[in-house]
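The values are calculated or read from the model by the stated rules, or taken from the named source; none is laboratory data. Just so you know, these numbers come straight off a predicted model, no measurement behind them. No Cβ is skipped: glycine too gets one built from the backbone with ideal geometry, and neighbour counts run over all protein chains shown. Each accessible area value is taken on the protein alone, full model and side chains, heavy atoms only, with ligands, DNA and RNA left out. Shrake-Rupley method; radii C 1.70, N 1.55, O 1.52, S 1.80 Å.
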Amino acid sequence: MEITIDLQRILWHELGHFCIDLIDTKRDENFSIDAFWVSYHKVAISDHKWGGGVKVIPSIKYEVLVEDIDKTSFSILNVISGCIFQTVFIKEIIKNEISTKDCFCPQGRCAGQQDFFTFHGITSKIRNRYGLSRELIYFSEIELFDIYYNLIIENKLFIENISELITYYANKIFKKYEQSDNKDEFFYYFNFDEIQLLRKEVYDILVITSFENTIEILKEKIKDKIIA
């Protein structure tokens, strides 16, 4: 994948996580977004050379997480959001045929490998805490992906606004990459002010496009399946 397109891909992926973290941390002020970054690695095990991440503090163990049903539901949405957003970019914007399962899978080539393992770590603790629910398994592992994806692509205003924001940051980051001395290993960490600005920019989009309401509705659907 061409380097600037791949940079946009990872920004879509990480903003997928960032959107859920933003809504969740606004709901629960005991947590905050501490870091947002992207990195380039010339030597990689897949065609994707760009990686990245979002860090929320404090961290929370699965056993504690599942005691808060709202946070549990947000966490499920969080770990699938990266691959959902990435698939929207690849399939709907650059028009390459792909499935969310090409990202959200256990193989090393998958951008969402860690998300995949985190997801199953959370769902195993849900089963321990609330019991085995075949309805939840089917919903969370199959139906939710399609529902979530379709809600995004139906929201044209959301896609337009996120795409415009990502184009801006991709251009900014790539200029820094071009100016760097090491083109084989490059890291771009958003500083405190950049994270605060990104929080405002993304949250404004979530509100004006009603995407925050979409996430709240999905969160409630997950809760219903967990406690059913």
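Residue 105 meets the conditions (1) in contact with a Phe, Trp or Tyr (Cβ under 8 Å, 6 or more places away or on another chain); (2) open to solvent by 40 Å² or more (accessible area, probe 1.4 Å) in every case but one. The failed one is (2). Exactly one residue out of 72, 87 is buried (at least 17 other Cβ atoms within 10 Å of the Cβ) and at pLDDT below 95: that is 72. Of the residues making up the range 148-198, those that are closer than 29 Å to residue 217 by Cα and touching a strand residue (DSSP E or B) at 6+ places or on another chain (Cβ under 7 Å) are 195, 198. Considering each residue of the range 202-209 in turn, none proves to be of a type in the set (Ser, Thr, Tyr), in contact with a strand residue (DSSP E or B) (Cβ under 6 Å, 6 or more places away or on another chain), open to solvent by less than 70 Å² (accessible area, probe 1.4 Å) and farther than 14 Å from residue 36 by Cβ.
Quick check, is residue 215 touching a Leu at 6+ places or on another chain (Cβ under 9 Å) and under 15 Å from residue 72 (Cα atoms)? So that I can check it myself, show each step before the final result.
Values: touching a Leu at 6+ places or on another chain (Cβ under 9 Å): yes; under 15 Å from residue 72 (Cα atoms): yes.
Judged against the criteria, residue 215 is a match.
Pairing each residue of the range 183-196 that is touching a residue at least 40 places away in the same chain (Cβ under 8 Å) with any residue that is aliphatic (A, V, I, L, M) and exposed (fewer than 15 other Cβ atoms within 10 Å of the Cβ), provided the two are 6+ apart or on different chains, yields C-beta distances under 7 Å for 189/35.
Could you say whether any residue in the range 43-65 is acidic (Asp, Glu), closer than 27 Å to residue 206 by Cβ and open to solvent by 20 Å² or more (accessible area, probe 1.4 Å)?
Of the residues in the range 43-65, the ones acidic (Asp, Glu) are 47, 63.
Now narrow it down to the ones that are closer than 27 Å to residue 206 by Cβ: none.
No, because not a single residue in the range 43-65 is acidic (Asp, Glu), closer than 27 Å to residue 206 by Cβ and open to solvent by 20 Å² or more (accessible area, probe 1.4 Å).
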